[in-house]
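Where a number appears in this text, it was derived from the coordinates with a stated rule and is not lab data. Worth saying up front: this structure is predicted, and the values here are computed from it rather than measured. Here the Cβ positions follow ideal geometry from the backbone for every residue, glycine too, while neighbour counts run over all protein chains shown.
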Amino acid sequence: MIIDEITTWLRDYAVRAGAKGYTVGLSGGIDSACAAALCQRATGDDVLTALLPCHSLPEDTQMARLVAEAFGLRTITVDLGPAYGALLAALPLELSAIAQANLKPRLRMATLYALAQTNGYLVSGTGNRSEIAVGYYTKYGDGGADVEPLGNLYKWQVRQLARELGVPQAVIDRPPTAGLWAGQTDEAEMGITYDDLDATLAAIEADQTAGVDPTLLNKVQRMIAISAHKRAMPPICAVNA
């Protein structure tokens, strides 16, 4: 069973790392809900979930609290709005819209690591196989984590896992969003539905792309190629000493 397999993996990894448990950022979405529930199964009370609003929609916090209540998760809320505003004000130039948006998950990552280190925990990421494969995450933002318990599951598998774990239906039904700006959704930003993305990725990985729509195939292959740097350690320039 996938739940048991991931739970055991998380528990064993924490032991090997000398960590007591995990810290998880709760966004109000299905992925973070599943990650938090799995970490709780792995390390019990040694899970701290964090609600990190940053000029976020009220619905994000409402859904995150719904998840926390459903699983009885220990939570802490840190409003990153003031820190975000102060950093923007301190910069000597105006950031582009996308740079401003990506600053939010990077502030969240820094906060999660501060909380984790203080408690002797690791940071659990919430990325799934579909998003990781095409780089749909912020480098050193939501992509900054010690473990990715959902990293080998396509989005459709995460939906199935959520039902098995008992994630509230309202969270499962909610359109996936990174909450980077008002009205933002994952599928609109990527320009592809998760169903099409999952199917195309599966075809690529199985080397059976003959029946895939060429436009979809080219799009996904390009997304994989241009995001390769996100999935690799920073390259080191080889010099002759």
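Please check: in the Gaussian network model of the chain (C-alpha springs, under 10 Å), which one of A182, A19, A170 has the largest mean-square fluctuation. Result: A182 has the largest fluctuation of those listed. Once backbone amide H atoms are built at 1.01 Å from N, L48 has Y22, T23, V24 as its partners under 5 Å, excluding neighbours fewer than 5 places away on the same chain. Other residues lying with their Cβ under 11 Å from the Cβ of S56 contribute a combined charge of -1, Lys and Arg counting +1, Asp and Glu -1. Result for the chain in a Gaussian network model with C-alpha springs under 10 Å: among P175, P58, P105, the largest mean-square fluctuation is at P58.
The order of the peptides 78-86, 152-160 by mean Cβ neighbours within 10 Å, most packed first, is 152-160, 78-86. Taking packing as the residue-averaged number of other Cβ atoms within 10 angstrom, the listed peptides 110-116, 125-131 run from highest to lowest as 125-131, 110-116. Largest GNM mean-square fluctuation among E187, E148, E94, using the chain with Cα springs under 10 Å: E94.
Computed from the C-beta positions of I76 and A97, the FRET efficiency with R₀ = 25 Å rounds to 0.25.
With a/c under 1.5 counting as rounded, go ahead and sort region 1-72 into rounded, prolate or oblate using the C-alpha gyration tensor (a ≥ b ≥ c being the square roots of the eigenvalues; past the cut-off, prolate if a/b is larger than b/c, else oblate). Taking the square roots of the gyration eigenvalues as a ≥ b ≥ c, region 1-72 is prolate.
Each Lys and Arg contributes +1 and each Asp and Glu -1, all at the Cβ; summed about the Cα centre of region 2-180, the dipole is approximately 120 debye.
Across region 158-174, rounded Karplus estimates of 3J(HN,Hα) from the backbone phi angles (6.51 cos²θ - 1.76 cosθ + 1.60, θ = phi - 60°) give 5, 4, 5, 4, 4, 5, 5, 7, x, 5, x, 4, 4, 6, 4, 7, 5 Hz, Gly and Pro being marked x.
With the Cα gyration tensor of the chain giving a ≥ b ≥ c as the square roots of its eigenvalues, does the rule (a/c under 1.5 for rounded; else a/b larger than b/c for prolate; else oblate) give rounded, prolate or oblate? In terms of gyration-tensor shape, rounded.
When +1 charges are put on Lys and Arg Cβ atoms and -1 charges on Asp and Glu Cβ atoms, the dipole computed for region 37-142 relative to its Cα centre reaches about 220 debye.
Couplings for region 100-111, taken from phi via the Karplus curve 6.51 cos²θ - 1.76 cosθ + 1.60 with θ = phi - 60°, read 5, 5, 6, 5, 5, x, 6, 5, 5, 4, 4, 5 Hz in order; Gly and Pro are left as x. Say the dipole of region 1-156 comes from +1 at the beta carbon of Lys and Arg and -1 at that of Asp and Glu; which of L51, S27, V134 then lies farthest toward its positive end? Towards the positive end, the residue furthest out is V134. Judged by the gyration tensor of its Cα atoms, with axes a ≥ b ≥ c, region 71-136 is oblate; a/c meets the 1.5 cut and b/c is at least as large as a/b.
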